[in-house]
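Peer 1: Handing you a structure now.
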Amino acid sequence: MTDPKEISLPDIGDFESVDVIEILVVPGDEIKADDPLITLESDKATMDVPAQFGGIVREVTVKVGDKVTQGAVIALVDAESGSAAATPEQPISAQTPDPDRIATDSTDPPTAQAVHRSPPSLPPPVERSGDALPHASPAARRFARELGADLRTVRGSGPKGRILKQDIQNHVKNALSGTPAQTANSAPTSGIPAALQIDYSRWGEIDVQPLSRIQKRSGPHLHRAWLNIPHVTHFDDADITELEAFRQSLNADTREPTASITPLAFTLRALAGAVRQFPKFNSSLAEDGEHLVFRKYCNIGIAVDTADGLIVPVIRDVPVKGLIQLATEMKELSRKARSGALAPEDLQAGCITVSNLGSIGGVAFTPIINSPEVAILGVARARMTPVWDGQDFRPRLMLPLSLSYDHRVIDGAEAARFTVLIRELLEDTRRLLL
């Protein structure tokens, strides 16, 4: 037997070393020149390493997780007769995103319809958050296209959820055999155990009722947000003693009953002012997970409690609206939400959300981020609290604030400064009305 030929890593650009994230061949595989052998990932791109010549793979000399450098031997191949390294060694170039990656509007609910590319009926798409499109190497994408598999329906088992060739094979095999595919809510993922199936009727009479339409739509969205976004919540208290006195004086002077100003109107103004100074809170993580999309507009969602569940209509262009207009729009949107009269556009284009439980009670809470937004402000019930002013304890009306934020985008110090600014704006109505 002749000695095998070595396939080494060509020029990888400016990187000293890169990670091996997928092995695409095994010993015994027959390959042709330019067939991909392994997949590498740098901090900027994913790339396949092609074979310089054809033959039979005798050995793969690297494994997933290895760091490799230019010139490193990655495989030993018994070259085909007369096949030398005829293909000149070319630098590896980062692959551009595949045009088959389909992104849906983050404001719309996830679709449950797969893209049909072949006769077999494939499972519905695996539900991912707005910034979690399928991650797969170019070779895996080509393989999926050859088999007619929609990558949105495949659950990846590789590092960071990357879809491997074996995942696609298993997915298509399950689809053809009729085995149900895993979905985000039907099977454990990332080590999370499946929910127990309990027969509650064993201990007494029960009544089973279906979830409301709103709960069926919002539940999976909240579940995805909780699992995919690293939540952190920052707490603070704002002294709104003067603000409340000012609000009551405004309402006493306002003859139009529909224009009664609520504390939440002030909160929206404060939040819009803080967003103007901290634009990262008005951004979303891009689909590639490596960029931020900054909005030049500021629309704020308000969580409304209805008989059928929580719903979040959106008030547009908050910075240019006065307190009376904000109060009027909030009242109308809340009425429409509770009567089921909201239009689709009333629920779209939110930038950041406020969840106000002040009318119910509570000291503080940890609201779940309304993805693809990166933060949500929770407001609990204001309470009279003795506060030391340097000389004596004074009764002050304190408003609890709870800011949940996406730690991938916002760090703790920035969240603290953002919350402090909201507090300062609420405590100084002169700044709030500027």
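Peer 1: Looking at (1) surrounded by fewer than 16 Cβ atoms within 10 Å (Cβ to Cβ); (2) part of a helix (DSSP H, G or I); (3) modelled with pLDDT under 95, which is the one condition that is false for Arg247?
Peer 2: Single failed check for Arg247: (1).
Peer 1: Here's something else I'd like to know. What number goes with the only condition from (1) modelled with pLDDT under 90; (2) over 30 Å from His291 (Cα atoms) that Glu6 does not pass?
Peer 2: Evaluating Glu6 over (1) modelled with pLDDT under 90; (2) over 30 Å from His291 (Cα atoms) leaves (1) as the failure.
Peer 1: Tally the residues that are assigned to a strand (DSSP E or B) and at pLDDT below 95, restricting the search to region 359-379. Please lay out each step first, then the result.
Peer 2: Residues of region 359-379 assigned to a strand (DSSP E or B): 375-379.
Imposing the further condition that a residue be at pLDDT below 95 reduces the set to none.
Adding up the residues that qualify gives 0.
Peer 1: Run Pro386 past the list (1) assigned to a strand (DSSP E or B); (2) touching a residue at least 40 places away in the same chain (Cβ under 8 Å) and report the number of the one that doesn't hold.
Peer 2: (2)
Peer 1: Looking at region 73-94, can you tell me whether even one residue there is at pLDDT 85 or above and assigned to a loop (DSSP other than H, G, I, E, B)?
Peer 2: The answer is no; no qualifying residue exists.
The values are calculated or read from the model by the stated rules, or taken from the named source; none is laboratory data. Small disclaimer: the values here were computed from a predicted structure and weren't measured. Because the Cβ atoms are built from the backbone with ideal geometry, glycine has one as well, and the counts that use them run over all protein chains shown.
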